[in-house]
1. Quick check: anything in the range 63-86 more than 21 Å from Q7 (Cβ to Cβ), surrounded by fewer than 17 Cβ atoms within 10 Å (Cβ to Cβ), among the charged types (D, E, K, R) and at pLDDT below 95?
2. Report, by residue number, each residue of the range 164-191 that is at pLDDT 95 or above, β-branched (V, I, T) and farther than 14 Å from L116 by Cβ.
3. Name the residues in the range 262-294 that are within 32 Å of the chain's Cα centre (by Cα), outside any strand (DSSP E or B) and at negative phi, would you?
4. What are the residues in the range 196-215 that are under 18 Å from F253 (Cα atoms) and either among the acidic types (D, E) or not in a helix (DSSP H, G or I) (or both), if any?
5. Among residues belonging to the range 142-200 that are over 16 Å from R274 (Cα atoms) and acidic (D, E), point out the one that is surrounded by the fewest Cβ atoms within 10 Å (Cβ to Cβ).
6. Does C252 fit the bill of being modelled with pLDDT under 95, surrounded by 22 or more Cβ atoms within 10 Å (Cβ to Cβ) and either in contact with a Ser or Thr (Cβ under 6 Å, 6 or more places away or on another chain) or within 28 Å of I98 (Cβ to Cβ) (or both)?
7. Does any residue in the range 180-203 that is of a type in the set (G, A, S) come within less than 6 Å, Cβ to Cβ, of a residue that is at pLDDT 95 or above six or more places away or on a different chain, and which pairs are these?
Amino acid sequence: MIYNEAQLGHFIDFELWQDSCRLQEEKINLISKNKNFSTLNIHYFSKIKKRVRWAYSQDKYFRDRISNNIFYGLKNEFFIKKYALPKNIYGLRNYSFISYGLNLVHNSIGLYLVKLTDDFMHNYYKKVKTIRSFYGGNLKYNNGQISFKGKNIYYRSEYNKFRKELVDVIENRDNVVIRLDFQNYFDNLSIEVLLYNLKASIKSTDIAKYKFSDSSIEEITFFFKYLMNNKSGIPQIDSCVVSGYIGYLYLCFLDLEIDTLMKQLSFHDSHIIRYVDDLYIVFKRGESETKDNTLKRAVELLGKVKDLAYYKYKLNIKIHGHFL
């Protein structure tokens with residue numbers, strides 16, 4: 001069947017849909033083994049009868065409701081509700097309770113982005129030795145196959161790597177460490193900015209292979225606007241490795257710009273450590289450099305990074321007035 005470019009079926013195929021269904025089943029299976037998957041959304045999904053979940057995974061369901069965008073009109077079956085949980089004693093974090101079918105659409109688009117970005121991520125971004133970044137998962141396609149077992153979809157292993165990197169640099173007294181605090185990161189992330197950055201960075205062969213056209217960009221942008229009630233951002237869904245990957249991917253481009261900027265400004269032994277939106281800039285003070293001069297250069301760098309984040313990525317960085 002040939003799908004119109006103004007439909008998800010133009011770039012989301014049935015294999016991706018099946019992968020999305022497998023990802024959700026694995027989360028349901030992990031409820032009894034890992035308390036971190038015992039969440040509102042996943043418990044809700046587990047209460048749906050297996051035969052009903054099986055029906056969602058079939059080609060007929062995909063063709064009749066998903067690939068042709070009919071699901072947008074089926075609001076009783078495809079819905080999303082917002083709720084908030086304490087972030088700390090001072091604030092709240094917005095979460096989304098999402099229906100089973102709509103979550104499958106969300107996952108399939110996220111997995112499409114994993115496929116689309118594979119070459120860029122592993123043969124370019126991750127080759128930059130001065131950037132060390134993590135997102136609480138390890139999603140990767142190998143010869144068209146993807147695994148959803150263990151550490152691939154559970155955050156702990158990748159988070160521990162991040163913490164080890166961070167502790168090592170903080171314990172070195174020669175290091176200057178700047179932490180960037182992004183204000184309401186997931187609510188302000190621009191999916192459109194992400195997609196056009198990807199279009200400018202991905203090989204033309206991959207753009208053609210995965211049908212990553214302007215129409216595809218418009219469809220993905222529309223989907224996230226639909227989820228966010230026509231606002232910017234992406235939804236935070238509990239235990240959702242796909243949201244984690246998209247949030248991680250967005251800042252990869254800022255990482256690259258900061259890395260280039262630090263080299264241009266001649267910072268010594270500089271590198272970036274990041275876990276999704278928790279970003280640290282690290283450099284060493286010059287041997288003959290005074291503490292005041294180091295602070296002055298750090299403030300200058302922070303100002304340039306703040307401008308980059310705001311004007312190119314639509315993100316606000318909160319200034320706390322201290323460095324580690």
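The values are calculated or read from the model by the stated rules, or taken from the named source; none is laboratory data. Computed from a predicted model, the values in this text were never measured in an experiment. Reconstructed Cβ throughout: ideal geometry from the backbone, glycine too, with neighbour counts over all protein chains shown.
1. yes
2. Passing the criteria: none in range.
3. The first filter runs over the range 262-294 and keeps only residues within 32 Å of the chain's Cα centre (by Cα), leaving 262-284.
When the remaining residues are screened for being outside any strand (DSSP E or B), the result is 262-267, 276-277.
Selection gives M262, K263, Q264, L265, F267, D277.
4. Once the filter is applied, which keeps residues that are under 18 Å from F253 (Cα atoms) and either among the acidic types (D, E) or not in a helix (DSSP H, G or I) (or both), the range 196-215 yields I202, K203.
5. In this case the residue turns out to be E171.
6. Details: modelled with pLDDT under 95: no; surrounded by 22 or more Cβ atoms within 10 Å (Cβ to Cβ): yes; either in contact with a Ser or Thr (Cβ under 6 Å, 6 or more places away or on another chain) or within 28 Å of I98 (Cβ to Cβ) (or both): yes.
It is false that C252 is modelled with pLDDT under 95, surrounded by 22 or more Cβ atoms within 10 Å (Cβ to Cβ) and either in contact with a Ser or Thr (Cβ under 6 Å, 6 or more places away or on another chain) or within 28 Å of I98 (Cβ to Cβ) (or both).
7. Cβ pairs passing all conditions: S190/K314; S201/F120.
Here's the yes/no breakdown for (1) in contact with a Gly (Cβ under 9 Å, 6 or more places away or on another chain); (2) part of a loop (DSSP other than H, G, I, E, B); (3) under 17 Å from K115 (Cα atoms):
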{"position": "V193", "(1), (2), (3)": "no, no, no"}
{"position": "I217", "(1), (2), (3)": "no, no, yes"}
{"position": "N229", "(1), (2), (3)": "no, yes, no"}
{"position": "C252", "(1), (2), (3)": "no, no, yes"}
